[in-house]
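Please read the structure below before turning to the comments.
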Amino acid sequence: MATSNGQNNWNDIVGPGESGASGQEHLPSRRSSHAAHASHSSKGDTTASSDDKTGPTKKRFRWAKRIGYGILTIFLGVFIAGMSVFLYLYNTLAVPAPADLALAQKTTVYYADGTTEMGTLGEINRQIIDTTALPDYVSKAIVASEDRTFYTNNGVDLKGIFRALVNNLRGGARQGASTLTQQYVERYFVGKTTDTYGGKLKEAVLAIKINREQSKDEVIGAYMNTIYFGRGAYGIDAAAQAYFGHGADQLTLSESALLAAVIPAPSAWDPAVNPDKAKERWERDLNLMVEDGWITQADKDAAVFPETIDPDTLNSESMTGTNGYLMAQVKSELLASGQFDEDKISQGGLRITSTIVKDYQEQAVAAAEGMNEVDGWDPTYQHVALSSMDPATGEILAEYAGPDYEKRQQNAVTQDIAMAGSSFKPFALLANARLGGTVYDTYSGKSPQYFRGMGTPVMNDGGYSFGNVTLVKATAYSMNTAFVGLNDDVEPENTLKAAIDAGIPEDTVGLNDELLNVLGSASPHNIDLTTAYSTIANGGERVTPHIVKKVEDSRDKLLYSGDVEPVRAFDVEEVSSIMPALEAVTKGEGTANKVDPEIERLVTAGKTGTSSDQLSAQFVGFVPGMVTTVSMYQSDDAGNSVPLDDVGGLDQFHGGDWPVDVWIDYMKPATANLPGDDFPWKVESNRKVHNNAPTPAPSATTEAPQSAAEPTGTPAPTETPSTEPTENSENGGNGNNGNNGNGSNNGNGGNNNGGNNNGGNNGGRRN
């Protein structure tokens, strides 16, 4: 009984299967037997409860031991694997020589095909020299600035490595190491592996190996020969030449401290860019050198902030000639995107594909520089700007911004300004279309005419007077009086809004909401006109012009895309409704009638423009798939605007003259393979026609008398500039003490301030 009862109670405690490992039954001891008998007493429940707690505790302990052994096993496994990887890398990775470093990964810019090289940004300028011959303070300035523990550390900063790994896990920007040795090693892996965990591990292993195999003097020497100092300079000798115009062996203490100071952000802290920051860093470095005992306080007190040479004198071959403007524009666009800085562009090993089509670019250069063969044309003072764009994408296909970037570092397309003249008139047509008008509405083409608030009349170019004309004919002949009448009806603020909506920047010089704004007092950039007319050529959708198609790193990973989404600015029907007027300009009796016969296969359209006093002349023309603007203007030695005269034997220089010729010279070959013949977005426009011509005509007592030599009817225009009723949209014919005609803020060329902007009250602004 006792044995039986004892066995049963044991089974109740340990449960089934908890007998000995041998499988034999264990008889209970006397103590357990006594406890078993006691189980029949009133205390049996208490005993059972206590033993129930003991079982789970033992189970938890066993599980804890198992987990602990598992963790220890994993840790040992990881440690052994890590040591194996470390030893493998240590024995297989070779210590690089300075000349073998990956710093040679320069940024390359390609034409639109992605394979033909246009040029390079951040030219690799370096000289490997014997740094042991340099003054001692050169290396000590760098040590004080970059790694004060350099002579005592083992080559790595474990905290820095861990920080970089955590940053990568969080998706942050790539972080570099902090020791000089690690920075040196980073030069070896630039653009390859530094943004991966394997790359960071290789950096650390190499840094340790270098620290064990090379002396500190050798390491700092290699570092000085490879680090980037800005201005395209790699290495201390190239940097000394770029900043001070002499070799590293001639560096003074002050010069050495400045070079060391700019290392973390060379392009941003270049004294030519940020002199205050450069000086702050320079003083910091000298103070640290004193604290670390490399120089005396007297040495520091005697130091004078050094003068540096102008970085603009350091242009590479890629920045010469006409392509220099394209390269500078590519760089400027990437900087403006906020995704790139100077250092990333110059030393990041990027592959930049531009939007420039090589064949188109060559044709643009040939067409623009054909002006050099024209009698009286001097490219020193007289400028041609040409931009050609795909209206559907905003991609700049070709651009002539000047003959040589090294000689004139101002882009004629994106920085110079020139009065729009009559090229501004289509924005009044768009405003009219928005209000329900049509280009078959009629207005008086009589010249001169008086308008509200004006004490002087508006006149047509040459004083030509016309009868009542449709806006189609008024556009083809570029009649000032008819368009001022139109602007009076639609209200000039609506013309202004249409111009801005099309793509003319709001901050354009001379842009206003006055009655005569329709005659082109505004002075936009050449590219602004191309953009605005691209909105028309794209059926009312506006795109942003850009010269960068995409940017990839050295492993072909896409970093940036220049693609832009179009914005609807005008209804398709509104744009379709004005096309007959713009098409009339390039054919028949239009001011650019030479265009249509030369571009026979495609529908052509556009508008000429000439500023007051012939300070500028332009033609904006387009076909399906391409918009091109040609601007011409002249400046004096001071950059002020002066009239275009005595060019090619012409007494008068209009947009329909040489600008049209250059446009044809470029567009004829460029459009040869364009698909389609008409604009695919065109729709029918059935609008009610309005007669807006005043009746009766203004009395002779309120208008200036017409010259007897001027025709009173509608003259038959010819292709001869001297007899054709061209637009000269701003000077209004003969003017009167600077107040007749139209146009203000005369300005072009020379500088980004638009020449002298001296228009004053020129051109009949409301008094």
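Please treat every number below as a calculation from the coordinates, not as lab data. Small disclaimer: the values here were computed from a predicted structure and weren't measured. Every residue, glycine among them, receives a Cβ derived from its backbone with ideal geometry; neighbour counts consider all protein chains shown.
At a Cα cut-off below 14 Å, give the aspartates and glutamates reachable from residue 216, other chains included and same-chain residues fewer than 8 away excluded. Those aspartates and glutamates meeting the cut-off are 136, 147. In segment 457-614, the alpha-carbon atoms span a convex hull of 165 Å³ per residue. When each of the peptides 204-217, 325-338 is scored by how many other beta carbons lie within 10 Å of its residues on average, the order from highest to lowest is 325-338, 204-217. By the Kirkwood approach, averaging reciprocal distances over each pair of separate Cα atoms, segment 194-291 gets a hydrodynamic radius of 14.8 Å. Residue pairs exceeding 29 angstrom between C-alpha atoms, taken from 202/549; 473/668; 331/587; 425/682; 425/587: 202/549; 331/587. Comparing segment 522-658 with the 2.2 N^0.38 Å rule of thumb, its C-alpha radius of gyration ratio is 1.28 (two decimals). Its convex hull of Cα atoms gives segment 559-600 a direction-averaged projected area, equal to a quarter of the hull surface, of 5.3 nm². Run down the aspartates and glutamates and flag those whose C-alpha is under 12 Å from the C-alpha of residue 550, throwing out any fewer than 8 positions away in its chain. In chain and number order, the partners are 113, 333, 395, 563. The charge dipole of segment 547-683, taken about its Cα centre with unit charges on the Cβ atoms of Lys, Arg (+1), Asp and Glu (-1) only, comes to about 580 debye. In terms of surrounding Cβ atoms within a 10 Å radius of their Cβ, 178, 616, 388, 554 rank from fewest to most as 554, 178, 388, 616.
Rg and Dmax of segment 307-421, based on Cα coordinates, read 15.5, 49 Å. Using the Cβ of residue 294 as centre and a radius below 12 Å, the other residues enclosed give a net charge of -2, where K and R count +1 and D and E count -1. Applying the Kirkwood pairwise sum to the alpha-carbon positions of segment 227-374 produces a hydrodynamic radius of 17.8 angstrom. Descending by average beta-carbon neighbour count within 10 Å, the peptides 421-427, 503-509, 597-603 line up as 421-427, 503-509, 597-603, the highest first. With a cut-off of 11 Å between beta carbons, the residues surrounding residue 499 carry a summed charge of -3, where Lys and Arg count +1 and Asp and Glu -1.
What net charge is computed for the residues neighbouring residue 255, neighbours being all others with C-beta under 12 Å from the C-beta of residue 255, Lys and Arg scored +1, Asp and Glu -1? Taking every Cβ under 12 Å from that of residue 255, the sum is -3. When each of the peptides 254-264, 514-524, 294-304 is scored by the mean number of other C-beta atoms lying within 10 Å of its residues, the order from highest to lowest reads 514-524, 254-264, 294-304.
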